[in-house]
Amino acid sequence: MKKQMKKLPFFLPFGGCRGRCVYCSQSTITGAADLISPELVSSVLMDLDEPREVCFFGGSFCRFGFSKVKEYLDSVVKYAPEGSRIRFSTYPGDLSNKSMRDLINTYPIACIELGIPSLDPDVLSLCKREADPEAILNDIKNIMHDSLPLGVQMMIGLPGQTKESSLADLKKLAEIKGPISWDLRLYPCLVLEGTELEKMMNSGSYHPINLEQAVKWGGIFIDRAVSLGFNPIRIGLQESELLASKVRGGPHHAALGEMIASESLVRKLTRNSMTGPWIVPDEHISKFTGHGCFGLQRLAELNGTTVNAVSEKLSFFPRAENIV
Ligand code: SF4
């Protein structure tokens, strides 16, 4: 199996953002209150002893403007160990500028993660995202034309969003990406303290999805995404005490990502064979046995039988690379 380079994230809360998306509270999500400067990034990188994937998250990276973006990227090529690469998240339209793309293309980019919570204009408007879906799709085509590696950050459970609209978004993105694999982060929408979304929930204009809805919707979404050639690298926000203390609504659970991954796998199995038997790589055992045997229970529910009955039809095999 290809060894993944360790990631080193730097959080730039709201860095470059022109407005506030209704659900966003970067101080709660990242735990970082202040922007870290390129000089501070450099001082951390010069102490590393092996290459890293240096990540800039928490804002709209390319909206810092040409010279600031260059300062951050230069800090990596000048001070991180040779072989290090760069990953950052940004608004899709931030790369509509050709000179910005040309600048970015001179650096060792591992992935540009585009924030595309939805492509539905009504959802984007309710979320106060200043984005036009057609423009987003055009921008993506331009970025791909310049051979920059892409990933997407998507959401479910947003105001005005339905399961169908989110799956339609996936399909549109899959049509554009073609056979290339794109990293995918999926964030079920949480209502965080102090956000516009909290006000919307309190006024009754927004009703967050609950845990069960998020797991089922997310499971279907991830199953579809994998079959369309996306590579899920994260499901749900990173759990922390701070996050737990600031959630005011929505599907908050420390194991939400694992539960959605279990649901996705179970749906794939039952899609291939509703009655089994099922043979699965042993790296997935915890998806069946974890969290009160959540995966086994869902397999039994979808199969219309009992946990014991599906357990007897489920077996695991070691992958070749795990055999010493
Ligand atoms: S979701 Fe992204 S673009 Fe929107 S306010 Fe948060 S960091 Fe900025």
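Here is how the numbers come out for the structure above:
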item: Identity of the residue in segment 5-59, among the hydroxyl-bearing types (Ser, Thr, Tyr) and touching a helix residue (DSSP H, G or I) at 6+ places or on another chain (Cβ under 6 Å), that ends up farthest from residue 153 (Cα to Cα); result: 42
item: Residue in segment 238-252 that is nearest to residue 22 (Cα to Cα), counting only those that are part of a loop (DSSP other than H, G, I, E, B) and at pLDDT 95 or above; result: 250
item: Residues satisfying the stated conditions in segment 26-56, i.e. within 10 Å of residue 13 (Cα to Cα), small (Gly, Ala, Ser) and not in a loop (DSSP other than H, G, I, E, B); result: 27
item: Residue check for residue 271: in contact with an Asp or Glu (Cβ under 8 Å, 6 or more places away or on another chain) and over 22 Å from residue 225 (Cβ atoms); result: no
item: Residue within segment 139-153 that is out of contact with any strand residue (DSSP E or B) (no Cβ under 8 Å at 6 or more places or on another chain), farther than 24 Å from residue 87 by Cβ and in the same structural domain as residue 90 (by TED's automatic domain parsing) present; result: no
item: Sole exception among (1) surrounded by fewer than 21 Cβ atoms within 10 Å (Cβ to Cβ); (2) of a type outside the set (Lys, Arg); (3) within 23 Å of residue 236 (Cα to Cα) for residue 159, by number; result: (1)
item: Residues of segment 44-70 classified as of a type in the set (Gly, Ala, Ser) and either within 15 Å of the ligand (Cβ to nearest atom) or within 21 Å of residue 237 (Cβ to Cβ) (or both), total; result: 3
item: Output for segment 99-153, where each listed residue is within 15 Å of the ligand (Cβ to nearest atom), in contact (Cβ under 8 Å) with a residue 60 or more places away in the chain and surrounded by 15 or more Cβ atoms within 10 Å (Cβ to Cβ); result: 113, 117, 126, 127, 128, 129, 151, 152, 153
item: Any hit, segment 205-215, residues being under 17 Å from the mean Cα position of the chain (by Cα), buried (at least 22 other Cβ atoms within 10 Å of the Cβ) and within 27 Å of residue 254 (Cα to Cα); result: yes
item: Tally, over segment 2-43, of residues that are more than 16 Å from the ligand (Cβ to nearest atom) and either buried (at least 17 other Cβ atoms within 10 Å of the Cβ) or small (Gly, Ala, Ser) (or both); result: 6
item: Test: residue in segment 221-236 that is β-branched (Val, Ile, Thr), assigned to a helix (DSSP H, G or I) and surrounded by fewer than 19 Cβ atoms within 10 Å (Cβ to Cβ); result: yes
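The values are calculated or read from the model by the stated rules, or taken from the named source; none is laboratory data. This is a predicted model, so every value here is computed, not measured. In this analysis, Cβ positions are derived from the backbone assuming ideal geometry, glycine residues included, and neighbour counts consider all displayed protein chains.
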